[in-house]
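Throughout, read-outs are computed from the coordinates displayed, never taken from laboratory work. These numbers come from a predicted model, not from an experiment. Note: ideal-geometry Cβ built from the backbone for every residue, glycine included; neighbour counts use all protein chains shown.
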Amino acid sequence: MTFLNAAVHTLRKAKRPLTLNEIVEACERLKLIPTTGKTPMNTMSAVLYRQDRLLGGVIKRVPADPKSRNSAAGFVRWTIR
């Protein structure tokens, strides 16, 4: 399963916005992503931010401060569009 598919599966199952850490932990717990790499958190982060920037992306970012597009790490939540 790709990181994108794993994130979508996890977010649909959660039915609420999740942080990057919550998504990766759930994916690893459910064995949805291979954990052979050293930085699955960085890989997932790149996938999520890429989807957020795509016009037809399936995942979007929910910043902690709705007035700002920039949020501190750990405060950004992700959800399905």
Point to revise | Segment Arg12-Thr79, length gained on full extension (0.36 nm per residue, minus Cα span) | key: 23.3 nm
Check your understanding: Which of the aspartates and glutamates could a cross-linker bridge to Lys60, judged by Cα under 15 Å and excluding same-chain residues fewer than eight apart?
Key -> Asp52
Review point. Summing Lys, Arg as +1 and Asp, Glu as -1, what charge do residues with Cβ under 11 Å from the Cβ of Trp78 carry, Trp78 excluded?
Key: +3
Check your understanding: For the peptides 34-42, 51-59, 10-18, what is the packing order when you average, over each peptide's residues, the other Cβ atoms within 10 Å and list the highest mean first?
Key -> 10-18, 51-59, 34-42
Review point. What 222 nm value per residue comes from the helices of the chain, counting each DSSP H run with n ≥ 4 as -39,500 (n - 2.57) and dividing by all residues, nearest 500 deg cm²/dmol?
Key: -14000 deg cm²/dmol
Review point. Which stretch or stretches of segment 4-18 have amide N atoms under 13 Å from the point lying 7 Å from Leu54's Cα along the Cα→Cβ direction?
Key: 4-8
